[in-house]
Protein chains: 2
Amino acid sequence: MTRVFNFSAGPAALPEPVLRLAAEEMLDWHGSGMSVMEMSHRGKEFIAIHAEAEALLRELLAIPANYKVLFLQGGAIGQNAIVPMNLLRGKTRADYVDTGDWSKKSIKEAGHYCTVNVAASGKGSNFTAIPKQDAWRLDPDAAYVHICSNETIGGVEYHWTPDTGSVPLVADMSSNILSRPIDVSRYGLIYAGAQKNIGPAGLTIVIVRDDLIGQALPITPTAFDYAQQAANDSMLNTPPTYAIYIAGLVFRWIKDQGGLAAIEAHNRRKAAILYDFVDSSDFYTSPIAREDRSLMNVPFKLRDESLDAAFLKGAEARAMKQLKGHRSVGGMRASIYNAMPIEGVEALVAYMKEFEASNG
Amino acid sequence: MTRVFNFSAGPAALPEPVLRLAAEEMLDWHGSGMSVMEMSHRGKEFIAIHAEAEALLRELLAIPANYKVLFLQGGAIGQNAIVPMNLLRGKTRADYVDTGDWSKKSIKEAGHYCTVNVAASGKGSNFTAIPKQDAWRLDPDAAYVHICSNETIGGVEYHWTPDTGSVPLVADMSSNILSRPIDVSRYGLIYAGAQKNIGPAGLTIVIVRDDLIGQALPITPTAFDYAQQAANDSMLNTPPTYAIYIAGLVFRWIKDQGGLAAIEAHNRRKAAILYDFVDSSDFYTSPIAREDRSLMNVPFKLRDESLDAAFLKGAEARAMKQLKGHRSVGGMRASIYNAMPIEGVEALVAYMKEFEASNG
């Protein structure tokens, strides 16, 4: 067996110890005689797995007691509808900040439920920078202010937390949750698809301040009503049990690495290796403003894009996968989430140097 | 390692060969160097897994070409909202047949989107029988007629297909899909949560006739718009990739058993062993009308319910799990889905005889 370095933007690489344990426990979890996949979600075994996953997530992110943690389904694209359904609370307008492809999707979907005010846009920089907060035009009557904390495709990331006063801040953190410590109390709601830093696709995590729930629109599907799910410990319907189990193993792994402070330091080292090399090279370029560069998704280009196919072919031959940039951006993208080891980034930079030497 | 006989109503037992293969492939699927959990849903590896799962399901159920197969999220409870959102098609009314707890949930949820006509109800029999079709009062202007083909809690199952004329028949088949051959062309839409006969919780399968989609209500979340998902091969958002992989392995296992005709024969043998014994005993009883008894979920009671706890304790000691009946029904429930081997049912009946002999 040879494992590859998987630079996929998501679903993405998982920690190898997590996969090994999952394989070992597949037919018989802790002497239960069952796979976790086979367990009733109402049985004592799965209830313990679920409770531990939530407790670990609360510990890692230091989630205050007045926040609910929900394990749902439907991904961030589902949440783009479910957030306004739940959070409008009698209001008719919401603020959105447009920083690229993912915030655009959120804006379009929210428009089915409310009037969207685009409070700021990265369009002027062709989405290579996050708009500074002094340029935001916030609506004091907005139900909430929505941001995408890391744009997986464009590669810009907030390295600061917006101040939205008494209006709740909502963040799609799908691609940078658990990559570093955050102050959850600055947010009204955080949501994230699991398939980058958490676990398998199909699990969606929602962290929401409890005073914001309980006023969902009547058209909200019961399975996606935050208050009803909170009242049922996310078991109003059968939760994605196996994905929650894997997420719990990932949370445990993060804790074993030293928690989010240690994870952040590791992520900063990895990103620095890659960005520093790109910046030192005339062969490769990064279009992103330095202060807004994502630590998770690193888009870069070869100045001569006619070499793209050869670059990707050579990477594949060296067991480095999924480096092709998103079709809307072109070039390359290296996604270096928590589970990407430093050796993967070092191998990539070594290959980039080699390729430059052969083709520069 | 000792595997148990797991009679859970869902999530439920999976075929052991499927779990063994999943464990073997966990770190490296087919020499890809990746777990299926880590694969980009846009990569060639996962696209092949997804396509094979769909092809196998189409083959097993003989799904006609004019039906779309969608791999979604949110479970049957999610679909209870998503079905009317998609299928009302400008109409304002829908027919529902009430056969127990699960149809009641569907009825309640549909009421948020349309006027529900309860065309027939099992209430008169205390939900121990499926209402005969000659007693149904169908509305010719209904957008569709909804049934629950197997009531997981109550234990009644349709052993016939309703005739709804030109009004599309919609069936929640969560707990009996793939238990026997069906004529898909008799249905407008079939939906099912995966966690009984298909695979892990978190995957929801929708099979829908293609002329019925494309008129979703404007409030339908894009992730749950059948037409948009169909146009994107269920990849409008990241699908629950690992659950789809496991489902594909289960579909392959069903095919290896001889397909749905062989599975049905096996299921009939298992159910007969259990029902015949209950009927032959004065110690145990089944309240369900013989012609409507579920082959998947077998509720039964001890005439002396003060013995329930002792019965369950003895079952646990013999490695038979999750036999406790649903809290709304009481007594016992043995769920004997496809993956339950005949030995499991034989072991249960042997224990029931032993318990009767000791306590009768």
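The values are calculated or read from the model by the stated rules, or taken from the named source; none is laboratory data. Here the structure is a predicted model, which is why all the values come from computation and not from measurement. Cβ placement follows ideal geometry from the backbone for every residue including glycine, while neighbour counts extend to all protein chains displayed. In case anyone asks, the SASA skips ligands and DNA or RNA and just uses the protein heavy atoms, side chains included. Shrake-Rupley method; radii C 1.70, N 1.55, O 1.52, S 1.80 Å.
Scanning the stretch B:153-171 for residues that are within 20 Å of B:Glu264 (Cα to Cα), open to solvent by 10 Å² or more (accessible area, probe 1.4 Å) and in contact (Cβ under 8 Å) with a residue 60 or more places away in the chain yields a single hit, B:His159. Total residues in the stretch A:146-180 satisfying the condition of being within 17 Å of A:Pro84 (Cα to Cα) and assigned to a loop (DSSP other than H, G, I, E, B): the figure is 3. Which members of the stretch A:239-258 meet the condition of being in contact with a strand residue (DSSP E or B) (Cβ under 9 Å, 6 or more places away or on another chain) and either surrounded by fewer than 23 Cβ atoms within 10 Å (Cβ to Cβ) or in a helix (DSSP H, G or I) (or both)? Those that are in contact with a strand residue (DSSP E or B) (Cβ under 9 Å, 6 or more places away or on another chain) and either surrounded by fewer than 23 Cβ atoms within 10 Å (Cβ to Cβ) or in a helix (DSSP H, G or I) (or both): A:Ala243, A:Ile244, A:Ala247. Quick check on the stretch A:254-275. Is at least one of its residues modelled with pLDDT of 95 or more, touching a Phe, Trp or Tyr at 6+ places or on another chain (Cβ under 6 Å) and aliphatic (A, V, I, L, M)? No, the conditions are met nowhere in the stretch A:254-275. The single residue among B:Ile190, B:Ile213, B:Ile198 that is more than 14 Å from every other protein chain (Cβ to nearest Cβ), among the β-branched types (Val, Ile, Thr) and closer than 23 Å to B:Gly10 by Cα turns out to be B:Ile190.
Within the stretch A:124-145, if we keep just the residues that are free of Cβ contacts under 8 Å to residues at least 12 places away in the same chain and not in a loop (DSSP other than H, G, I, E, B), the residue that is most open to solvent (accessible area, probe 1.4 Å) turns out to be A:Asp134. Every condition in (1) open to solvent by 40 Å² or more (accessible area, probe 1.4 Å); (2) outside the structural domain of B:Glu59 (by TED's automatic domain parsing); (3) out of contact with any helix residue (DSSP H, G or I) (no Cβ under 6 Å at 6 or more places or on another chain) is met by B:Ile273 except one, and the failing one is (3). Filtered by the rule that a residue be among the hydroxyl-bearing types (Ser, Thr, Tyr), farther than 12 Å from A:Gly154 by Cβ and open to solvent by less than 30 Å² (accessible area, probe 1.4 Å), the stretch A:276-296 gives A:Ser281, A:Tyr284.
Screening B:Thr128 against (1) on the phi < 0 side of the Ramachandran plot; (2) within 18 Å of the chain's Cα centre (by Cα) leaves a single unmet condition, (2). Whether a residue is touching a helix residue (DSSP H, G or I) at 6+ places or on another chain (Cβ under 7 Å) and on the phi > 0 side of the Ramachandran plot was assessed, and B:Leu169 does not pass this test. Out of A:Ala315, A:Ala339, A:Ala334, one residue alone is open to solvent by less than 30 Å² (accessible area, probe 1.4 Å) and part of a strand (DSSP E or B). It is A:Ala334. Please work out which residue is nearest to the other protein chains (Cβ to nearest Cβ), limiting yourself to the stretch A:230-266 and to residues that are of a type in the set (A, V, I, L, M) and more than 26 Å from B:Lys196 (Cα to Cα). Checked the stretch A:230-266; the qualifying residue nearest to the other protein chains (Cβ to nearest Cβ) is A:Val250.
Residues in the stretch B:325-336 that are under 11 Å from B:Ile153 (Cα atoms) and in contact with an Asp or Glu (Cβ under 9 Å, 6 or more places away or on another chain): B:Gly325, B:His326, B:Ser328, B:Val329, B:Gly330, B:Met332. Scoring B:Ser121 on the criteria (1) closer than 17 Å to B:Glu157 by Cα; (2) touching a residue at least 60 places away in the same chain (Cβ under 8 Å) leaves a single failure, condition (2).
Residues that are within 14 Å of another protein chain (Cβ to nearest Cβ) and on the phi > 0 side of the Ramachandran plot are absent from the stretch B:295-317 altogether.
For A:Lys196, the conditions (1) within 30 Å of A:Ser35 (Cα to Cα); (2) open to solvent by less than 10 Å² (accessible area, probe 1.4 Å); (3) in a loop (DSSP other than H, G, I, E, B) all hold with the exception of (2). Within the stretch A:41-76, the set of residues being free of Cβ contacts under 8 Å to residues at least 40 places away in the same chain and either touching a Lys or Arg at 6+ places or on another chain (Cβ under 6 Å) or open to solvent by 10 Å² or more (accessible area, probe 1.4 Å) (or both) comprises A:Lys44, A:Glu45, A:Ile47, A:Ala48, A:Ala51, A:Glu54, A:Ala55, A:Arg58, A:Ala65. Screening the candidates A:Ala262, A:Ala223 for the property of being surrounded by fewer than 16 Cβ atoms within 10 Å (Cβ to Cβ) and within 22 Å of A:Leu57 (Cβ to Cβ) yields one hit, A:Ala262.
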